[in-house]
Amino acid sequence: APTHLPFAPAEEESLEETTTVDPSYTISLIRQLIPKGSSVEKEFRDSTQPDNTDPSEKSDKQGLPEERSVSPKDQLEECGCILWDLAASEPQAELMINNLVIEVLLENLRTANSSRVKELCLGIMGNLVCHESLVAAISLKKGLIATVVEQLFLDDVKCLSETFRLLAAILRSSAYVSWAQALLPDEILSRILRIVGKTDNATLLEKIIDFLSTIIDNRDVIAMLIQPLLKLGLVDRIIGLLTTELERSPDEKLDRSGSLDLVLHFMEELSAIHCVSKAMTSNDRLIKVLVNMIKSPDKVEVASYCASVVIVISNILTDGKHLVPKISRG
């Protein structure tokens, strides 16, 4: 089963296949994810519409995973992957939300010991919040924001990747305010920066930078979060990321060809913000790294990132004209 499904449904994409899925099938998939003995189990039973169809007949007709010879773990994973995919369809997403999928996902995030289960729940939720018509109602679910933010303290790379994907999608939506406020505590922002500083996984790096770029792209969110992030060491963390990518062996760089570009493009975005470029002007380490990159003897490598470095230096010089002699001397 796929471990990573669509970031968001493409508007031009035909969703005919997913919109014609029998609602009872989707509901039965949600049922498979309910933790046994949880309060959600009774709530789900009371809220879903009863029907007179024999469950086994329904399973045969719809091809439910439980009808085949699979273990409970594999069954849960398959149901989760199907829901993850279906959540990219707005009609299916609406049906899922009306049938307590958020409550089921939240209960799993709170109680599941399996990182894979948490990843599936975060992936489903990440697709659900991509639908602008549904995101406000989703965000109002009691305990949702706090529970999602708590997932930032997991150590599983895939769970963290899906958490950052989810947060980036939310911050692009109209429901961003309450989520941005939930990220404000120093404990949360410090954790985010620690992940930035220590991640060695290319996918997680991509999701983190997309999340941080989303913060920058939203004027209200950047106004809320940029000063706390700077105070907690954002610039140093990004410089650390840059130097780590530069110091990788040629083989590692080949495997992570896009990572250095991601970091540099993000630095371009950051340096265009006045308060950030001002902070960068006093960072001797950054200036040294940038100058060394321009003067690198590896002409092929320099050519691939020279434009980004020049843009970053240019933005920094806007607030740090005193640095011109230092950069010229290099």
For this session: Could you tally the net charge around ASP200, taking each other residue with its Cβ under 11 Å from the Cβ of ASP200, Lys/Arg +1 and Asp/Glu -1?
Result: +1
Seminar exercise, completed: Between VAL324 and SER304, Cβ-based FRET efficiency (R0 25 Å, step 0.05) works out to 0.45
Problem set entry | Fewest-first ranking of CYS81, CYS121, using other Cβ atoms within 10 Å as the exposure measure | CYS81, CYS121
For this session: May I ask you to derive the FRET efficiency for GLN181 and ASP255 from their Cβ-Cβ distance with R0 = 51 Å, giving the value to the nearest 0.05?
Result: 0.85
Exercise. Taking the alpha carbon gyration tensor of the range 134-269, what are the square roots of 5 times its eigenvalues, largest first, to the nearest whole Å?
Worked result: 26, 16, 13
Problem set entry | the range 184-330: relative contact order in percent, alpha carbon pairs under 8 Å with at least 6 residues between | 23 percent
Seminar exercise, completed: From the Cα centre of the range 79-114 to that of the range 175-242, the distance in Å is 27 Å
Seminar exercise, completed: The farthest towards the positive end of the charge dipole of the range 184-330, of the residues LEU264, VAL196, ASN315, given +1 on Cβ of Lys and Arg and -1 on Cβ of Asp and Glu, is ASN315
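Add +1 for every Lys or Arg and -1 for every Asp or Glu among the other residues with Cβ under 12 Å from the Cβ of TYR176, and state the total.
My count for the surroundings of TYR176 gives -1.
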Seminar exercise, completed: Neighbour-count ranking for HIS131, HIS322 (other C-beta within 10 angstrom, fewest to most) reads HIS322, HIS131
Seminar exercise, completed: Contour minus Cα-Cα span, ASP217 to LYS73, at 0.36 nm per residue, comes to 47.8 nm
For this session: Using the number of other C-beta atoms within 10 angstrom as an exposure proxy, rank VAL149, VAL104 with the fewest first.
Result: VAL149, VAL104
For this session: Restricting things to alpha carbons, tell me how big the range 80-120 is in terms of Rg and Dmax, in Å.
Result: 10.6, 31
Exercise. Could you give the nm distance between label points at THR243 and ALA136, where each point is 7 Å from its Cα heading toward the beta carbon?
Worked result: 4.8 nm
Exercise. Are any of the pairs LYS118/LYS141; LYS198/LYS231; LYS118/LYS253; LYS207/LYS278; LYS158/LYS288; LYS253/LYS288 more than 24 Å apart by Cα-Cα distance, and if so, which?
Worked result: LYS118/LYS253; LYS207/LYS278; LYS158/LYS288
Exercise. Between rounded, prolate and oblate, where does the range 184-330 land on the alpha carbon gyration tensor, with a ≥ b ≥ c its root eigenvalues, rounded for a/c under 1.5, else prolate if a/b exceeds b/c?
Worked result: oblate
Exercise. What ³J(HN,Hα) values, in whole Hz, does the Karplus curve 6.51 cos²θ - 1.76 cosθ + 1.60 give for the range 77-93 when θ = phi - 60°, with x put for Gly and Pro?
Worked result: 5, 5, 4, x, 5, 5, 5, 4, 5, 4, 5, 6, 8, 4, x, 5, 4
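None of the figures in this text is laboratory data; all of them are computed from the coordinates on show. Model, not experiment: these values are computed from the prediction. In this analysis, Cβ positions are derived from the backbone assuming ideal geometry, glycine residues included, and neighbour counts consider all displayed protein chains.
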